[in-house]
1. So which residues in segment 177-236 are closer than 30 Å to ALA159 by Cβ and among the charged types (D, E, K, R)?
2. Restricting to segment 103-133, name every residue that is within 13 Å of the chain's Cα centre (by Cα) and farther than 12 Å from LEU265 by Cα.
3. If I ask for residues that are small (Gly, Ala, Ser) and either in contact with a helix residue (DSSP H, G or I) (Cβ under 6 Å, 6 or more places away or on another chain) or surrounded by 20 or more Cβ atoms within 10 Å (Cβ to Cβ) (or both), which ones from segment 258-284 would you list?
4. Regarding ILE64, is this residue of a type in the set (Val, Ile, Thr), part of a helix (DSSP H, G or I) and more than 30 Å from GLU20 (Cα to Cα)?
5. Being at pLDDT 95 or above and either not small (Gly, Ala, Ser) or not assigned by TED's automatic domain parsing to the domain that holds VAL293 (or both) narrows it down to one residue among LEU104, LEU100; which is it?
6. Please indicate, with yes or no, whether at least one residue in segment 466-482 is at pLDDT 80 or above and either more than 30 Å from ALA412 (Cβ to Cβ) or assigned to a helix (DSSP H, G or I) (or both).
Amino acid sequence: MSTPSFADLFTPKLVTVLREGYGAGDLRADAVAGLTVAIVALPLSMAIAIASGTTPDRGLYTAIVGGFLVSLLGGSRFQIGGPAGAFIVLVAATAARHGLEGLLLATFLSGLMLLALGFLRLGTYVKFIPYPVTVGFTSGIAVIIFASQLRELFGLTLAGQEPGPILPKFQALFGALPTLNPAALGVALFTILVIAGLRRWRPSWPSLLVAVTLASALAALFGLPVETIGSRFGGIPGGLPAPALPSFDPDLALAVLPDAVSFTLLGAIESLLSAVVADGMSGRRHRSSMELVAQGAANLGSALFGGICVTGTIARTATNVRAGAKGPVAGMLHSLFLLLFMLFLAPLAAFIPLAALAGVLATVAWNMAERHVFLALLRASRGDALVLLATFLLTVFRDLTEGIVVGFGLGALLFIKRMADATVVEAGVPSLDDRADREGDRAPYDAALHADPDFVVYRVSGAFFFGATAKVEAVLDRITGRHKALVLDLAAVSVLDSTGANAIETACRKAGRQGVKVFIAGAPGPIRRVLKSHGLRPPLAAYASGVEAAVAAARRLPA
């Protein structure tokens, strides 16, 4: 298989679609899909921005500028970029610690990091994150999003600032229960019920927009005493601000660097997962490196216009595919439609109750929780359950980045153990007893080989790497001078790292000191190259094409 060229990796999908031929019918389909996604994104972008500790207009800036760049430059035909619920926790924490300037700088730095990840072609490595980790942190984020909306859902009034950590948050909210606003709770429940009802009986309708519009109309018509976007934020502006670079201060940049790394890690994971979902729905394949480059450019653009973090959004991307999009033009039009909404409908946004937007995010959190998958992983195995629960609990009660890092570390250790358990070393028994032989994967040795006391044959199967070295060394340490030759059959070794090669070299030197000749049989080309790079050359060890050839050479050795 040839190595992909630079053009193969870094050509935006928009270019590919236009080269294939793009007609008026395609444009009509993309316009319909773009409008559909824009209707979904309008209330959601404002709700996510408010929950993230910023103003609703910054969510729209993010969807307009960031979403346009994601589709213009992206490596996926159907990716829709914008603010995402997964970022609420990180963005809110960054804004609380470093203010708006710190948040914009962290977003800008994250854009640079994503560009670097893309051009270094590191996007493919995101797929190595274990599935229990992604489910654990997604479910944890869902819990945190729901907890962050309890104040607005119940219309509570707090004496001070709402705590960020979840346990102090619950304590403060519980203490504020006497201030519950029945009107706000009613608006929130009405919004949730309308969304649930439309998704069940009218799934083709824009449930989020319809629910928020009806809730806003009822609140205004009956003069309900609920907070609105207008009463808290004074409404939203009727257009985009002039672009400006975030204020750069070396001390502030150093302070927000960990936040920028968190934005980058989560953005890469979320975007590429979303692209994979789109691939599964459409039968297409995305370019992961170009997708990360586009995400980087989108975060830079969002920061220039005062927006927050941009990432690929799974729900809006899936909506785009289901709406019949033909290519990236749909995502670009979705951003343009949002800009038109902002230009002409901005005054109406002032009437939207915050409780209605809280109802929208409560629904989003419920859908993010992946309850059935969570329970299935708990039942799958103790190892997967441990990784899942560690990631989930650390995400909820400690920190999202900490949850991902610890979950990934546990998942890696679990994988290493499973690979080590799959590594087999056999000697001195008929190979017909080998499970792999019974399954027909390899031809059994001639039983006569085991009757000759002058040499011993060891078969190593599986991945011979640092996790399995101790098991293999324990067997090889049994080598004694009573044998004339040792044959190591490595034909079934799929992976050999430097630790494994060093273990074989050590065994060969020990055998040499005892007068035992070592033959390495059947080693594939890549395995042989690793061995030779670690000094395993004649006379330390001889190579043979297979066990029979090695045994024949061993029998010719002088007594």
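The values are calculated or read from the model by the stated rules, or taken from the named source; none is laboratory data. The model shown is predicted, which means the values in this text are computed figures rather than measured ones. Every residue, glycine among them, receives a Cβ derived from its backbone with ideal geometry; neighbour counts consider all protein chains shown.
1. Those that are closer than 30 Å to ALA159 by Cβ and among the charged types (D, E, K, R): GLU227, ARG232.
2. Across segment 103-133, the qualifying residues are THR124, LYS127, PHE128, PRO130, TYR131, PRO132, VAL133.
3. The answer is ALA260, SER262, GLY267, ALA268, SER271, SER274, ALA275, ALA278, SER282.
4. No: the conditions fail for ILE64.
5. After ruling out the rest, the residue left standing is LEU104.
6. The answer is no, given that none of the residues of segment 466-482 is at pLDDT 80 or above and either more than 30 Å from ALA412 (Cβ to Cβ) or assigned to a helix (DSSP H, G or I) (or both).
Yes/no matrix, rows are residues, columns are (1) crowded, with 21+ Cβ neighbours inside 10 Å; (2) among the β-branched types (Val, Ile, Thr); (3) in contact with a Cys (Cβ under 6 Å, 6 or more places away or on another chain):
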| residue | (1), (2), (3) |
| --- | --- |
| LEU338 | yes, no, no |
| ARG371 | no, no, no |
| ALA385 | no, no, no |
| VAL405 | no, yes, no |
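Listed here are the residues, each with its yes/no results for (1) closer than 30 Å to GLY186 by Cα; (2) hydroxyl-bearing (Ser, Thr, Tyr).
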site	(1), (2)
LEU218	yes, no
ARG232	yes, no
LEU254	no, no
THR264	no, yes
ALA297	no, no
